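The values are calculated or read from the model by the stated rules, or taken from the named source; none is laboratory data. This is a predicted model, so every value here is computed, not measured. Cβ placement follows ideal geometry from the backbone for every residue including glycine, while neighbour counts extend to all protein chains displayed.
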Amino acid sequence: MRPIDVWFNAWPKEQVDRLLSHPEIAYVLEVEKLDFRAPTPDEAVAILDEAGVEIAFLTSLKQGCHRRMRPGGSQDRMVLDVSYRDLLPFLEKYPKRFRGLYGINPWLMMDGVRELEAAVKEYGFVGAVTHVAGFAPFNDKIWYPFYAKCAELDIPVITQAGHFGEFMPEGWAHPLLLDDVALDFPELKIIGGHTAWPWTDQMIAVALKDPNVYISVEAHLPKYFEPSLVRYINSRGQDKVLWGSDWPVTDLKRNLAQVEQLGLRDEPKRKLLRENTIRVFKLEL
């Protein structure tokens, strides 16, 4: 049973440098002791192989800046702007090891919607990903054309929920706002990422209530999971939670070793690490 990582960050060096140059991000990296790198496709596969991970979902993440500022006072609304085309070398060289997640920039409006459709139809991207708090709350109308297109394409959207390390309005990523989206788009599969801490219980409540809402657990080492989340994974939520690393935010081997220490039953553990992701994303292996 080889795990599938639902959130893995392999960005080009110029985008990593762009991210690291932002003063707010530098503060986060210092506090969180994070080591962002720009792996080649071969290096990324080696990371997966070392941890025994079969497939990783790569993020073409778009991260807006709530303050709309860059160092030196220049106006630049984007902190991180990874193109879906930046992922193509990974997908083309190792099509069995990587899948693409299209990063949504809602400020692009219909140009972005068309680009999302091209990434899915022309390059086989399996979902969309958002870094919400740099742009607008989950239930803001600016996202709705993208939600509608994801529903039409029958692909999930996975989004960071809950706490942000950056200086962004955390209330915009409160999981209760996802309930509005789930009700407005019942055909859209929505994955609230990063365990939605510190509102994990509210995230569980939304996933329990809405059949089209799921949870993913990347960015938090399992030893820090809320006890309620572990119980949910091991019982009535065993079909609703997906595993990921948010590499390099967490190390794959360390993360998986801690999953083994959660005391999960065999079936819920298989679903968490692999089977739920295959089903939710309709993966063809």
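Could you tell me how many of the residues in the range 99-118 are over 14 Å from residue 84 (Cα atoms) and in contact with a Gly (Cβ under 9 Å, 6 or more places away or on another chain)?
Summing the residues that are over 14 Å from residue 84 (Cα atoms) and in contact with a Gly (Cβ under 9 Å, 6 or more places away or on another chain) in the range 99-118 gives 2.
Go through (1) crowded, with 17+ Cβ neighbours inside 10 Å; (2) touching a Lys or Arg at 6+ places or on another chain (Cβ under 9 Å); (3) at pLDDT 95 or above; (4) not hydroxyl-bearing (Ser, Thr, Tyr) for residue 86 and report which single condition fails.
Just one mismatch for residue 86, condition (2).
Kindly provide the set of residues from the range 237-250 that are surrounded by fewer than 19 Cβ atoms within 10 Å (Cβ to Cβ) and modelled with pLDDT of 95 or more, ordered by number.
Pass one, the range 237-250, residues surrounded by fewer than 19 Cβ atoms within 10 Å (Cβ to Cβ): 239, 248.
239 - this is the single residue of the range 237-250 that is surrounded by fewer than 19 Cβ atoms within 10 Å (Cβ to Cβ) and modelled with pLDDT of 95 or more.
Do we find that residue 284 is surrounded by fewer than 18 Cβ atoms within 10 Å (Cβ to Cβ), without any contact (Cβ under 8 Å) to a residue 12 or more places away in the chain and not in a helix (DSSP H, G or I) in this structure? Write out each step before concluding.
Numbers: surrounded by fewer than 18 Cβ atoms within 10 Å (Cβ to Cβ): yes; without any contact (Cβ under 8 Å) to a residue 12 or more places away in the chain: yes; not in a helix (DSSP H, G or I): yes.
Against the criterion (surrounded by fewer than 18 Cβ atoms within 10 Å (Cβ to Cβ), without any contact (Cβ under 8 Å) to a residue 12 or more places away in the chain and not in a helix (DSSP H, G or I)), residue 284 qualifies.
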